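No lab work stands behind these numbers, since they all come straight from the coordinates. All values reported here derive from a predicted model rather than from experimental measurement. Positions of Cβ are generated from backbone atoms using ideal geometry, with glycine treated the same way; all protein chains shown enter the neighbour counts.
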Amino acid sequence: MTRRWRLPDEGDGLGTFAAKPWVDIDRNDRIWLTFEDGRASGSDVVLAREVESSWDMAIPSLGLGDFHQDARVAAYDDDHAILVWNRSGAFLELQNEVRVGAPGGRLVEPPGGGRFSFAPYAIQNEVQAHPDGEVFLTWNQGLDDGGRRGICIANRFGSEADFHRPKNQLDVVSRSFIFSNNPEVARNTRGDTVVTWFESFGERLRVASSERYGLDGRFTIANDADALSPPEGDVEDPEPAVAEDGRAVIVWRQVLPSGKMAVFMSERPNRGAWSRPSMDEPFSEVVDNAWHTRVAFAPGGDLYVVWEQKIGTDWSVMLAHRAPDGRWLASGKEALRLSGQPAIDPVLRVAADGTVVVAWRARFGTHWRVMERHSAVDAEGATEAERWSAAVALSPIGRDAGAPAIAVARHANARGHRVVVAWSHDGQIFRATLD
């Protein structure tokens with residue numbers, strides 16, 4: 001039976017002056033949705049947990065005053081989740097606030113306290129929660145009143161345990177020479193983990209990473225010799241993926257000496273050395289602008305990369321696909337265009353059965369709409385274009401939708417998977433589901 005998206009009705013929106021949704025699905029198929037909602041003297045973080053056909057709503061920032069922004073949530077059952085956001089105010093620089101789920105759906109501070117970051121500031125939190133009990137948090141930590149920043153990591157195993165967290169602001173895995181930016185994390189089921197960011201190596205911003213092999217491993221600390229990107233141009237947007245067999249990939253966009261841009265890729269075998277592309281070895285074609293690189297492995301070993309690119313006045317979302325045997329079915333230079341309209345802000349997720357889901361924003365007249373396409377699980381012999389569903393518009397016409405967030409999870413009965421895409425328009429958060 002062909003599954004159809006359940007699209008939102010007008011009355012399904014959450015919030016009043018809401019923006020920046022983030023979404024996850026726990027192992028009992030329930031949606032956890034967080035976003036920021038404005039008020040007269042600041043903003044709050046709202047957490048909505050799906051219950052039956054309604055929502056259990058909480059405002060963990062209630063009564064704290066100040067501005068509360070950029071929330072992230074990761075959940076793995078009805079009770080256990082991690083929520084993190086940034087708090088700032090007149091007498092408080094940006095700091096992170098962490099809450100964890102407790103029985104009954106309550107949110108509480110971890111045993112060691114709910115603030116993991118240190119003065120002078122912290123930004124760019126990322127979180128993950130895994131069925132084996134590991135909860136993972138990384139952020140960008142200010143080290144002084146100048147521009148120096150470093151990448152911090154905290155994690156815990158088990159719902160009652162406290163987090164292993166940095167001892168002080170200098171307890172980082174990055175070089176922290178000038179500044180770091182935008183940590184991203186990927187992990188496979190056995191615990192192999194890669195954290196990436198971009199950092200100043202003197203004149204240029206370059207890609208760096210920290211790795212851990214298995215749940216008992218220790219994260220490496222980057223040094224001057226560990227930059228993965230070519231030294232001739234600034235980079236941005238590195239994102240990692242880790243396959244089940246331990247292979248890993250990082251993709252990013254880089255500025256070429258000509259001022260043009262391209263997507264680059266570094267990869268390594270399990271416990272092997274990273275490749276280091278030269279400036280004349282981009283993964284994608286050279287374009288006027290490239291942005292929002294996203295990468296993921298499917299359980300069977302297929303590799304998927306999506307990004308947005310601009311040529312002239314045309315913005316498009318592109319996808320490349322490599323089979324487990326190494327054959328590129330759609331390469332970086334001969335990629336599949338996922339949208340016929342001007343398109344930006346792609347997000348990518350892979351389900352446990354290998355289904356790949358991509359959402360993005362496309363321009364229809366004067367408004368942006370959220371779109372989606374997904375791949376066929378078993379399409380042996382099909383062309384790359386034939387593997388993909390037709391594009392579906394998830395947000396209504398005539399509304400200007402914000403950038404989408406996406407989550408994919410296996411159904412609790414292990415049959416199929418659930419997809420949820422969330423976005424903002426008209427000051428509220430909406431979501432569409434594929435069950």
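Projecting the Cα atoms of GLY38, TRP55, TYR76 onto the charge dipole of region 33-83 (Cβ charges, centred on the Cα centre) puts GLY38 farthest toward the positive pole.
Karplus-based coupling profile of region 296-308, in residue order and whole Hz: 7, 9, 7, x, x, x, 4, 10, 10, 10, 10, 6, 10, with θ = phi - 60° in 6.51 cos²θ - 1.76 cosθ + 1.60 and x standing for Gly or Pro. The charge dipole of region 225-300, taken about the Cα centre with unit charges on the Cβ atoms of Lys, Arg (+1) and Asp, Glu (-1), comes to about 200 debye, rounded to the nearest 20.
Ordered by the count of other Cβ atoms within 10 Å of each Cβ, fewest first, THR313, THR34, THR16 give THR313, THR16, THR34. Between amide H atoms placed 1.01 Å from N, distances below 5 Å from LEU256 occur with MET261, ALA262, all of them 5 or more places distant or on a separate chain.
Taking a ≥ b ≥ c as the square roots of the eigenvalues of the Cα gyration tensor, an a/c ratio of 1.5 or more together with a/b no larger than b/c marks region 305-435 as oblate. Applying the criteria of a DSSP loop state and at most 12 other Cβ atoms within 10 Å to the chymotrypsin sites (Phe, Trp or Tyr not before Pro) of region 25-116 yields PHE91. The simple spin-label model puts a point 7 Å past each Cα toward its Cβ; for ASP132 and ASP29 those points are separated by 2.7 nm.
Here the simple spin-label model places points 7 Å from the Cα toward Cβ, and for ARG218 and VAL286 these points are separated by 4.4 nm. Taking only Cα atoms and a 10 Å spring cutoff, compute GNM fluctuations for the chain and point out the largest among ALA243, ALA393, ALA161. Looking only at ALA243, ALA393, ALA161, the largest GNM fluctuation is found for ALA161. For the chain, the gyration tensor built on C-alpha atoms gives a rounded shape. Its axis ratio a/c (a ≥ b ≥ c) stays under 1.5.
Would you please classify the overall shape of region 29-71 from the alpha carbon gyration tensor, given that a ≥ b ≥ c denote the square roots of the eigenvalues, rounded means a/c under 1.5, and beyond that prolate means a/b larger than b/c while oblate covers the rest? Here region 29-71 falls in the prolate category. Between region 25-57 and region 114-147, the alpha-carbon centres lie 21 Å apart. Specify which residue in the list GLY354, VAL195, PHE17 is farthest towards the positive end of the charge dipole of the chain, using unit charges on the beta carbon of Lys, Arg (+1) and Asp, Glu (-1), about the Cα centre. Checking the options against the dipole of the chain, the answer is GLY354. To the nearest Å, what is the center-to-center distance of region 213-287 and region 157-184, using C-alpha atoms only? Comparing the Cα centres of region 213-287 and region 157-184, I get a distance of 21 Å. Look at where the Cα atoms of region 354-402 and of region 295-330 average out, and the two centres are 14 Å apart. Applying both filters, DSSP loop and at most 15 other Cβ atoms within 10 Å, to the trypsin sites (Lys or Arg not before Pro) of region 1-65 gives ARG3, ARG4. Considering only PRO110, ASN125, SER159, and ranking their Cα positions along the charge dipole of region 109-172 that arises from unit charges at the beta-carbon of Lys, Arg, Asp and Glu, the one farthest toward the positive end is ASN125. Ordered by the count of other Cβ atoms within 10 Å of each Cβ, fewest first, ASP29, ASP280, ASP345, ASP192 give ASP280, ASP29, ASP345, ASP192. If only the Cβ of Lys and Arg carry +1 and only the Cβ of Asp and Glu carry -1, the dipole of region 1-134 around its Cα centre is close to 160 debye. The ranking of THR355, THR193 from fewest to most other beta carbons within 10 Å of each one's beta carbon is THR355, THR193. Amide hydrogen proximity for GLY112: with H placed 1.01 Å from N in the peptide plane, the residues at 5 or more positions away or on another chain lying under 5 Å are PHE163. Modelled spin labels at ASP435 and ASP12, positioned 7 Å past Cα toward Cβ, are 1.1 nm from each other.
Using +1 on the beta carbon of Lys and Arg, -1 on that of Asp and Glu, and nothing else charged, what's the dipole of the chain about the Cα centre, debye to 20?
About 220 debye.
Just to confirm the filter: which GluC sites (Glu not before Pro) across region 342-435 are DSSP coil and have at most 10 other Cβ within 10 angstrom of their Cβ? Answer in residue order: GLU380.
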